[in-house]
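Here is the structure we will look at, set down as structure tokens.
The values are calculated or read from the model by the stated rules, or taken from the named source; none is laboratory data. The structure displayed is predicted, hence computed values, not measured ones. Cβ atoms come from the backbone with ideal geometry, glycine included; neighbour counts cover every protein chain shown.
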Amino acid sequence: QLPRKVRIVEMGPRDGLQNEKRLVSTDTKVELVRRLEAAGLKAIETTSFVSPKWVPQMGDNTEVLSRVLAAAAPGVAYPVLTPNLKGFEAALAAGATEVAVFGAASESFSRKNINCSIAESLERFRPVTEAARAAGVRVRGYVSCVAGCPYEGEVAPQAVAEVAATLSEMGCYEISLGDTIGTGNPASIARMLDAVMRRVPAERLAGHYHDTYGMAVANIHASLQMGVAVFDASVGGLGGCPYAAGASGNVATEDVVWLLNGLGIDTGIDLDALVDVAAWISAQLEREPASRVARAVLAK
Ligand code: HMG
Ligand code: MG
């Protein structure tokens, strides 16, 4: 039995743009958020409060978030990434009401991405979750490398479950499981979910699947069958991780909406409007939309 409703968390402005070599203007970033709202997205990860030396593309985080929040649409959440207290304080000052901490199930990826071990990262997230609770800010938690690591290869489902459980105990309202390099398939994702669900219930999990090997839609279908009802996706399939060479973007939001429409699952998103957003942002970046659904709809 599949979930009747699915929540999609849009990643385009953050995961989608963070890896762009050429700086995207702040105006374009804000307009992307506005267009996504208009297409019916209710959760839009807007930027990240990370070090601009590490990810220059997100260096305009304060301006992007302040401008987005100054005209926030009713009922829409605008989470932002915060790796540490410094990032959290900057996000709070810009008006954030939802943030996300991001850990990994692989030691090498943790080092490359946030320059510390898994255990150290969890110790850094704790004060963020405490400060967030005091400020009435919701915290989401990510686990990267849930189905494979660019440096270590296979990742044990048990290692994913451990980090997910710790983030959940810290107070993260939802744990987003990142197949950072897209090497997962329905069988390995099911094994991973099985281990995680022994520690964190399906209602508090999200799938964050990159589409490098074209398996993301299949992985979402497998996850739906196990009761997961929240998925992260990026308009036009934009993106890639700066610390995972060769990895492509999140599954395209249009592909997810097409799948869910076919399965009779409600998302509240207007597919045609979403495809127009994919075409618009792809034109801004001077490329074709990566998504099969966007290309097919646009060709009609
Ligand atoms: P570090 O160098 O170890 O940090 O970086 P530090 O605490 O030693 O500080 C060094 C300098 O950075 C200092 O400045 C700090 O003030 C500054 P300096 O004195 O040299 O001028 N600094 C900051 N500046 C702005 N905002 C901050 C901040 N913190 C310190 N928050 C750090 C550690 C975590 C900051 C760094 O490694 C970093 O920014 N990493 C971010 C990497 C990133 O953004 N990766 C992509 C997002 S994760 C992802 O895509 C995966 C996901 O999609 C799920 C999936 O697909 O698996 C979520
Ligand atoms: Mg990602």
Exercise for the section: Residues being at positive phi and surrounded by fewer than 17 Cβ atoms within 10 Å (Cβ to Cβ): count how many of those fall in the stretch 175-218. Expected result: 1
Handout entry: Scope the stretch 256-274; condition among the acidic types (Asp, Glu) and either touching a residue at least 40 places away in the same chain (Cβ under 8 Å) or within 15 Å of ligand 1 (Cβ to nearest atom) (or both); matching residues
Key = ASP266, ASP270
Completion exercise
Over the stretch 19-71, the set of residues in contact with a helix residue (DSSP H, G or I) (Cβ under 8 Å, 6 or more places away or on another chain) and either of a type in the set (Asp, Glu) or modelled with pLDDT under 95 (or both) is ASN19, GLU20, GLU45, ASP60, GLU63
Practice task
Read through the list (1) more than 16 Å from ligand 2 (Cβ to nearest atom); (2) surrounded by fewer than 19 Cβ atoms within 10 Å (Cβ to Cβ); (3) under 23 Å from SER282 (Cβ atoms); (4) of a type in the set (Asp, Glu), then give the number of the only condition that GLU37 fails.
Solution key: (2)
Problem - PRO127 vs. criteria in contact with a Ser or Thr (Cβ under 9 Å, 6 or more places away or on another chain) and of a type outside the set (Asp, Glu) - result: no
Fill in the blank from the handout: Considering residues that are surrounded by 19 or more Cβ atoms within 10 Å (Cβ to Cβ) and over 18 Å from SER176 (Cβ atoms), the number found within the stretch 68-91 is 1
Handout entry: helices (runs of 4 or more DSSP H) enclosed by the stretch 16-122 - at least 2 residues per element that are touching a Phe, Trp or Tyr at 6+ places or on another chain (Cβ under 9 Å) and among the β-branched types (Val, Ile, Thr)
Key = 61-70
Handout entry: Checking GLY103 against (1) in contact with a Pro (Cβ under 8 Å, 6 or more places away or on another chain); (2) within 30 Å of VAL160 (Cβ to Cβ); (3) buried (at least 23 other Cβ atoms within 10 Å of the Cβ), the condition it does not meet
Key = (1)
Exercise for the section: Please work out which residue is farthest from the chain's Cα centre (by Cα), limiting yourself to the stretch 200-216 and to residues that are within 16 Å of ligand 2 (Cβ to nearest atom), under 27 Å from LEU285 (Cβ atoms) and of a type outside the set (Phe, Trp, Tyr). Expected result: MET215
Exercise for the section: State all residues of the stretch 155-204 that are within 19 Å of ALA229 (Cβ to Cβ) and acidic (Asp, Glu); if no residue qualifies, say none. Expected result: GLU174, ASP179, ASP194, GLU203
